[in-house]
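Below is one structure, written out as structure tokens; the observations come after it.
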Amino acid sequence: MGLACNTPGGTVGIGDIELAEGQLMFRVFPNPSSHTVSIDFSSSVEYLDRNLQLVLLDLTGKVIIQERFTSDATGLYTFDVSDLPSGMYIYRLVNGVENVYSGKLVVR
């Protein structure tokens, strides 16, 4: 369950972001998670090139997961966190060399 805020443009929840250009939007859920995490970028899929990668770091900066995005036709990407120790992680979505989105992920 996440927190949400009603705004004139709609509802925005934790894990949602819309950049100033209004072109990119990601939703990362569930957070916290103990099994799988999904990244929904369906509203942004046409703006992203094929070099999109997920980078998951622990709090020391060690790369835990680094893999190229492969999503289903709806713009949904899912990855497994069930083998990770409980704790906080930082995820980054990288488009080529540019960091397009980052946030915190809690694994239980």
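Counting the residues of segment 56-102 that are surrounded by 17 or more Cβ atoms within 10 Å (Cβ to Cβ), of a type outside the set (A, V, I, L, M, F, W, C) and part of a strand (DSSP E or B) gives 5. The single condition among (1) at pLDDT below 85; (2) part of a strand (DSSP E or B) that GLU46 does not satisfy is (2).
The values are calculated or read from the model by the stated rules, or taken from the named source; none is laboratory data. In this text the structure is predicted, and so the values were computed from the model without any measurement. Note: ideal-geometry Cβ built from the backbone for every residue, glycine included; neighbour counts use all protein chains shown.
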